[in-house]
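Here's the structure we're looking at; comments come further down.
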Amino acid sequence: MGQNVYDTLVERGFVAQCTNEEELRKLFETEKVKFYIGFDPTADSLHAGHFIALMAMAHLQRAGHVPICLVGGGTGTVGDPSGRTDMRKMLTDEDIEHNCECFKKQISRFIDFSDNKAIMVNNGDWLRKLNYIDLLRDVGACFTVNRMLAAECYKQRWEKGLTFLEFNYMVMQAYDFLELNRRYDCKLEMGGDDQWSNIIAGVELNRRKSNTAVYGLTNKLLTKSDGKKMGKTAGGALWLDAEKTSPYDFYQYWRNVDDADVEKCLALLTFLPMDEVRRLGALKDAEINEAKKVLAFEVTKIVHGEEEAKKAKEAAEALFSGQGSAEDMPTIDVALSGGEKLIDVLTQNGVFASKGEGRRLVQQNGLTLNDEKVTDVDYVLTAADFNDGSAIVRKGKKKYYRLQSK
RNA sequence: GGGUAGGUGCCCGAGUGGUUAAAGGGAACGGACUGUAAAUCCGUCGCCGUAGGCUACGAUGGUUCGAAUCCAUCCCUGCCCA
């Protein structure tokens with residue numbers, strides 16, 4: 001113990017920008033700080049990008065501070081333009097509500113809400129009731145357009161145009177911070193580094209309206225060493241929902257991160273002590289695979305639980321070490337009535353997006369059935385392909401599927 | 001409202017009457033190499049398929065033997081002016 005959480009966050013690589021490092025550090029020492037992070041309900045699951053924020057939140061909670069998890073039932077109706085080149089899709093009220101519920105469930109898995117150790121709020125509760133004129137007079141007067149226009153987060157939009165609707169996002173988020181400060185004495189807002197403009201807007205609004213000193217802190221975004229965003233898979237985002245990204249795929253994602261990113265990920269995404277993180281991160285060449293295994297296991301454990309993490313790990317090791325006969329690969333039921341073409345079956349079950357893709361894969365030697373390369377595009381499945389009712393299909397090098405005859 | 005530049009495949013972006021399923025790049029996918037890494041190299045990259053066909057260049061109509069390319073109307077976006 002003893003280390004200031006602020007330093008913990010710095011040491012683990014979370015901190016990108018802070019409004020006032022010295023005062024915030026002091027604040028952490030002198031009181032239980034209520035702090036908030038907002039999550040806009042843009043989809044029905046959180047993803048890897050949110051996870052890093054949740055980890056930061058968890059570190060602070062472990063240090064005795066109180067997280068306020070805000071789901072953006074109000075701000076979600078507007079859509080944050082920060083750093084984006086395109087306008088966000090407008091969501092229906094039903095979608096927003098549904099997504100908020102999904103977020104709440106997921107957040108509850110990472111943050112301890114027992115005994116008022118954390119608070120969950122929805123900004124729709126206050127934003128949706130606001131009266132336009134009142135808000136303009138009360139809050140709008142505190143912002144100058146000149147300053148807003150200078151904000152970094154809109155730069156991307158100068159080419160494409162920014163709607164007035166989106167331009168207001170910053171005002172709403174700033175208002176959230178003011179509201180949370182009034183309701184809960186919330187003194188700190190955190191968020192991804194892309195939120196910096198919105199966060200300082202809130203800090204300034206609090207000062208103007210309440211003459212209150214509050215703070216802002218941004219987390220580094222999860223990027224690869226080459227600067228590209230991390231947490232993207234072929235199918236899009238790396239979701240925390242097991243239905244959208246299976247624990248196995250989730251495990252594999254981290255198992256395969258670049259060498260250069262392993263240490264950073266261990267620090268940000270696991271609770272391992274830093275000396276262990278550094279030890280693992282220092283491993284070289286093939287050795288670093290050990291670090292990746294630890295990373296994948298630890299992250300999967302936090303997100304999906306120890307059971308699932310073990311299963312994912314075992315499945316992966318079985319598949320990659322020898323001939324895989326693991327139970328945990330995606331299973332496809334096949335009703336053999338004679339004449340089923342392998343490609344058709346796999347296409348129908350979404351393994352290929354189209355038959356053309358499957359045909360191509362076979363032509364390029366990328367499809368394996370029970371450890372034998374499939375060379376015939378029109379290969380027809382027979383009972384002989386199934387051992388004990390199942391056949392193993394491998395797509396490319398790493399993707400396995402089990403066909404099960406019924 | 002006026003002027004002007006645009007809307008092309010997952011994304012960016014060339015193309016301006018036939019040889020264009022549409023250059024180039026990125027992403028993605030497969031192969032080689034490896035450490036289930038990166039980098040690199042090779043291949044693929046609308047759908048169905050033997051040929052061949054079908055669907056596609058904002059939308060709808062039209063001109064033409066033939067249109068992403070020409071015309072009309074409409075929708076959307078940027079910029080400038082009001």
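Selection of first residues in the stretch A:243-258 that are touching a residue at least 24 places away in the same chain (Cβ under 8 Å) and on the phi < 0 side of the Ramachandran plot and of second residues that are part of a loop (DSSP other than H, G, I, E, B) and more than 13 Å from RNA strand B (Cβ to nearest atom), restricted to Cβ pairs under 7 Å at least 6 apart or on distinct chains, gives the following pairs, ordered by first then second residue: A:K244/A:S45.
One line per residue, one yes/no per condition, for (1) within 21 Å of the chain's Cα centre (by Cα); (2) surrounded by fewer than 23 Cβ atoms within 10 Å (Cβ to Cβ); (3) β-branched (V, I, T); (4) modelled with pLDDT of 95 or more:
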{"residue": "A:M1", "(1), (2), (3), (4)": "no, yes, no, no"}
{"residue": "A:T19", "(1), (2), (3), (4)": "no, yes, yes, yes"}
{"residue": "A:F35", "(1), (2), (3), (4)": "yes, no, no, yes"}
{"residue": "A:D40", "(1), (2), (3), (4)": "yes, no, no, no"}
{"residue": "A:Q61", "(1), (2), (3), (4)": "yes, yes, no, yes"}
{"residue": "A:L70", "(1), (2), (3), (4)": "yes, no, no, yes"}
{"residue": "A:T92", "(1), (2), (3), (4)": "no, yes, yes, no"}
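In the stretch A:368-379, the residues that are without any contact (Cβ under 8 Å) to a residue 12 or more places away in the chain reach residues that are of a type in the set (A, V, I, L, M) with C-beta atoms within less than 8 angstrom, at least six apart or across chains, in these pairs: A:K373/A:L367.
Against the numbered list (1) more than 31 Å from the chain's Cα centre (by Cα); (2) open to solvent by less than 20 Å² (accessible area, probe 1.4 Å), A:L280 comes up short only at (1).
Go through the stretch A:342-378 residue by residue and tally those that are surrounded by 13 or more Cβ atoms within 10 Å (Cβ to Cβ) and either away from RNA strand B (no atom under 13 Å from the Cβ) or closer than 15 Å to A:I392 by Cα (or both). It would help to see each step written out before you state the result.
Our first condition is that a residue be surrounded by 13 or more Cβ atoms within 10 Å (Cβ to Cβ); within the stretch A:342-378, this holds for A:342-349, A:351-352, A:355, A:357-362, A:366-370, A:374, A:377.
Okay, now just the ones that are also either away from RNA strand B (no atom under 13 Å from the Cβ) or closer than 15 Å to A:I392 by Cα (or both), so A:342-343, A:345-346, A:349, A:351, A:366-370, A:374.
Number satisfying all stated conditions: 12.
Quick grid of which residues meet (1) open to solvent by less than 10 Å² (accessible area, probe 1.4 Å); (2) closer than 29 Å to A:V15 by Cβ; (3) away from RNA strand B (no atom under 13 Å from the Cβ):
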{"position": "A:A260", "(1), (2), (3)": "no, yes, no"}
{"position": "A:F271", "(1), (2), (3)": "no, yes, yes"}
{"position": "A:A316", "(1), (2), (3)": "yes, no, no"}
{"position": "A:F320", "(1), (2), (3)": "no, no, no"}
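For a quick check of your reading: which helices (runs of 4 or more DSSP H) sit entirely within the stretch A:117-228 and have at least 3 residues that are among the hydrophobic types (A, V, I, L, M, F, W, C) and open to solvent by 20 Å² or more (accessible area, probe 1.4 Å)? Walk me through it before giving the result.
Numbers: elements: A:124-127, A:132-138, A:145-150, A:164-167, A:169-184, A:196-210.
Of the helices (runs of 4 or more DSSP H) lying wholly inside the stretch A:117-228, those with at least 3 residues that are among the hydrophobic types (A, V, I, L, M, F, W, C) and open to solvent by 20 Å² or more (accessible area, probe 1.4 Å) span A:132-138, A:145-150, A:164-167.
Is it the case that some residue within the stretch A:27-38 is farther than 30 Å from A:K89 by Cβ and of a type in the set (A, V, I, L, M)? Scanning the stretch A:27-38 turns up at least one residue that is farther than 30 Å from A:K89 by Cβ and of a type in the set (A, V, I, L, M). Residues of the stretch A:328-373 that are part of a loop (DSSP other than H, G, I, E, B) and over 28 Å from A:K313 (Cα atoms): A:A335, A:L336, A:S337, A:G338, A:G339, A:E340, A:S354, A:Q364.
The values are calculated or read from the model by the stated rules, or taken from the named source; none is laboratory data. These numbers come from a predicted model, not from an experiment. Cβ coordinates were reconstructed from backbone atoms using ideal geometry, including for glycine residues, and neighbour counts include every protein chain displayed. Just the protein is used for accessible areas: all its heavy atoms, side chains included, with ligands, DNA and RNA removed. Shrake-Rupley method; radii C 1.70, N 1.55, O 1.52, S 1.80 Å.
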